C-alpha cells in the first residue's frame, strides 16, 4: 500500500511539474512585463547599486578579520587567479608558436587543396539554398 | 489522510534513495558531457592575452577556398559552436569542407577591464584575420558572428568596406536597442548605474551576467529543472538538455569598458541604428556594408527579440542580403536538434557558393 501511495505521490508531482512547464512561458512574460514597469525597473537597479556598496563594505570588513587569522582575503584569491591566468596565457603563446613551427616545417604539404565547389554540398548533404524549405 | 512522506517514513527513505540514485546518474552524465564537449580536432595557431585563435583540422580531401572565422559573444564560452559530436556547428562545417577558424576571447581578468568594443573591432578581429590570411594563404575571409559576436562582426564589416571580408553571416544579432526593453528600462529609469558596477568591480562578474539573462525569462530555469526530473528515464534527452543549460550557466566576465560602451552607446542611446556609434573616433555606418549578408534569427528569442534583431538586414547596404526566421529560441538556433537537421544544411547551402 505504501508503495502505491508513493507512486501516486510521484504521479501528482509529475503532473504538477508538467502543468508548471506548460505555463512557464506565459508566467515568465507576466513577470518580465512587471519588471519592465518604470518603478519596478528603477527599484531593481537601485537594489543592485546598494548590493555593490554592501559587497564592498563586507569585503573591506572581512579583510581585517581574515588578516588577523592569517587567512587569504578575497583580493588575495583574485590576485592568485590573475597570476594563474597570466601563466595560462604564456603557455598558450608557446603552444601556438610550436604549432606554427610545425606547420611551417611541413610547408603546407598536409594542407588540402582549396578547390571545393558549391555543388559538392548538394551532392553530399542534400542541402538547399531555398530559405523556405525548412519552414 | 492523504499519503505523505511524514505519514510513511518508509516511503521517505525510498524516495531519498531514488534521489541519491538520480544524483549519481546526473554526476556520471556531467562527467560524460565534459569529455564529449568541444572535441572536433583543432590546433591553436595564435594566442594574445586571453585571446585564442583556433584552426579546425580539415576532414575532407579538398576545402572551400575562403576560410570562415567564427566570432563568439564576449560573455559566453564558444564551445556552444562545438557542443558535442552530432550537435556541433563546427563539426558540421568542417565535414562539409569549410576551412573553419574560431576566436575564443577567453576569460578577461581585472587587468583587461580597459578593453573596449573598439579594441575588439579595430584591433583583435583584424589581428585574427591577418593570422588566418597568413595560415591559409587566402586574402578573403567569411565571418560568422553569434549574438554580441554578431555586433562585433557587423561593426567590423561596416568599418572595412574594402577589406578582406567576403560575406557576413550573423546569428541572433541585436542591433536596435529599442527592441531590448528590459535592458533599456534597467539602464534608463535612473536605477541601475553601469558606471558604478565597473567602478566597484572592474569587470561585470559572470554571476551578474547570468542573473541578467535569467531576468529575461525568470521561471525558465525552474521549468528546465522540472523537465529534467520528468524525463529522468531518457538519458539522451537529459544529456542534450544539460549540455545547453551547462553552457548557459558558464558565463564569462564582461570587460568593464566594453560593457560601459555597450550600455551607454548601444542600449541607452541606440547609436548603431542612428549611425552615431564610434570606433576609434570613426562613425560606423551600416550602409557601408556591401558584402552578402545573411541574418538568422529565432522566432521565440527572449534574449534578442525580433524587435532588436529585425532591422539589421534593412540597415546594411548590401544588395545580396537575407533574413531567415527560424522556429526556436536563442540557443536552440545554434545548437538545438532542429538546427542540426534544418538550419545548418540551409546555412551551408548559402555559404558554399560564397566561399569559392
*residue B:215 versus (1) in a helix (DSSP H, G or I); (2) more than 10 Å from every other protein chain (Cβ to nearest Cβ); (3) closer than 25 Å to residue A:24 by Cβ: which is the lone unmet condition?*
(2)
*Looking only at segment B:72-131, count how many residues are part of a loop (DSSP other than H, G, I, E, B) and more than 30 Å from residue B:263 (Cβ to Cβ).*
8
_Within segment B:328-356, considering residues that are in contact with a helix residue (DSSP H, G or I) (Cβ under 7 Å, 6 or more places away or on another chain) and assigned to a loop (DSSP other than H, G, I, E, B), the one nearest to residue B:94 (Cα to Cα)_ = B:331
*asked:* Would you confirm whether or not segment B:337-346 contains a residue that is farther than 28 Å from residue A:119 by Cβ and in contact (Cβ under 8 Å) with a residue 60 or more places away in the chain?
replied: no
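Is it true that residue B:334 is touching a residue at least 40 places away in the same chain (Cβ under 8 Å) and more than 21 Å from residue B:182 (Cα to Cα)?
yes
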*So which of B:276, B:265, B:285 is over 30 Å from residue B:37 (Cα atoms) and touching a strand residue (DSSP E or B) at 6+ places or on another chain (Cβ under 7 Å)?*
B:276
*When only residues in segment B:39-58 that are closer than 18 Å to residue B:97 by Cα and more than 7 Å from every other protein chain (Cβ to nearest Cβ) count, which is nearest to the chain's Cα centre (by Cα)?*
B:54
*Out of segment B:98-113, which residues are within 22 Å of residue B:142 (Cβ to Cβ) and touching a residue at least 60 places away in the same chain (Cβ under 8 Å)?*
B:98, B:102, B:105
*Tell me which of these residue B:177 doesn't satisfy, since it passes every other one: (1) away from chain A (no Cβ under 13 Å); (2) under 24 Å from residue B:54 (Cβ atoms).*
(2)
*Within segment A:20-53, count every residue that is within 30 Å of residue B:202 (Cβ to Cβ) and more than 8 Å from chain B (Cβ to nearest Cβ).*
4
*Restricting attention to segment A:71-85, and to residues there that are over 22 Å from the mean Cα position of the chain (by Cα) and closer than 30 Å to residue B:45 by Cβ, which single residue is nearest to the other protein chains (Cβ to nearest Cβ)?*
A:83
*In segment B:297-317, how many residues are in contact (Cβ under 8 Å) with a residue 60 or more places away in the chain and closer than 23 Å to residue B:163 by Cβ?*
3
*From the residues in segment B:184-197 that are in a helix (DSSP H, G or I) and within 10 Å of another protein chain (Cβ to nearest Cβ), which one is nearest to the chain's Cα centre (by Cα)?*
B:184
*Determine if segment B:94-106 includes at least one residue that is surrounded by fewer than 23 Cβ atoms within 10 Å (Cβ to Cβ), within 11 Å of chain A (Cβ to nearest Cβ) and under 26 Å from residue B:30 (Cβ atoms).*
yes
_Matching residues in segment B:304-327 - criterion: being closer than 23 Å to residue A:29 by Cβ, in contact with a helix residue (DSSP H, G or I) (Cβ under 6 Å, 6 or more places away or on another chain) and assigned to a loop (DSSP other than H, G, I, E, B)_ = B:305
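We did not get these values from a lab; they are worked out from the coordinates using the rules stated. What you see is a predicted model, and the numbers here were worked out from it, not measured in a lab. Positions of Cβ are generated from backbone atoms using ideal geometry, with glycine treated the same way; all protein chains shown enter the neighbour counts.
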